């Protein structure tokens, strides 16, 4: 893989298929290893498709009658060129607007913070790390699903070396009255390292997104929003790369 950094301009060109094949292949590999960037590229492509569907018909519109009457081919060419530039201009403007919107909304940052606090609070516990143990997994999942008002799942993280310890019910956002409660599943590897999966429904400022990473003091958090669910995988004891591997296993099961 190339050591050259991938720039914002290259990502835009990549989406528009304007890069040489060799560089396109390098960015393919880069995106495959960076889920955050993959999410951005998907968002760019979606925006581009919407713009094309909305504005491309302009290029196929009949030439205005006044230009036909003038019988000046140069004017016809100018009309089509102007329409093309308008389409490109709208794409650039929307691209920059989308670029700004990709920053995590405040509510999503708050969600990641809440997950980090919950991890820091319960992961050090020895005797009371969970309310319901993994030996009652079916009961745990049914109970949490009922309390959250939506079917939740405890992904199997054995492929990443982590076994389910159990889970618990947590207060809603910021502990506010009436807020939907939250579920926390805890996992542990054979070295005693723990990770927690924080699950909340109806996250404010809900924008579907691929992985984002946040660090809250010593706790690293990979989080994502999918439809009505917000998920956050947290750990204070493993590197960002290791946490990403575990998060990928969870993501593939929760977002097939």
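Just a few scattered comments:
- Order by protection proxy (mean Cβ within 10 Å, highest first), peptides 151-158, 217-224: 217-224, 151-158
- Packing-based order for 19-28, 114-123, using average beta carbon neighbours within 10 Å, highest first: 114-123, 19-28
- Contour excess over end-to-end distance, with Cα ends at residue 227 and residue 145 and 0.36 nm allotted per residue: 27.9 nm
- A convex hull fitted to the Cα coordinates of the range 106-254 yields 103 cubic angstrom per residue.
- Label-to-label distance, residue 156 versus residue 128, with points set 7 angstrom from Cα along the beta-carbon direction: 3.3 nm.
- At R0 = 25 Å, FRET efficiency that the Cβ-Cβ distance of residue 42 and residue 163 yields, to 0.05: 0.20
Every number in this text was worked out from the coordinates using simple rules, so none of it is lab data. From a predicted model like this one, the values you see are computed outputs, not experimental measurements. No Cβ is skipped: glycine too gets one built from the backbone with ideal geometry, and neighbour counts run over all protein chains shown.
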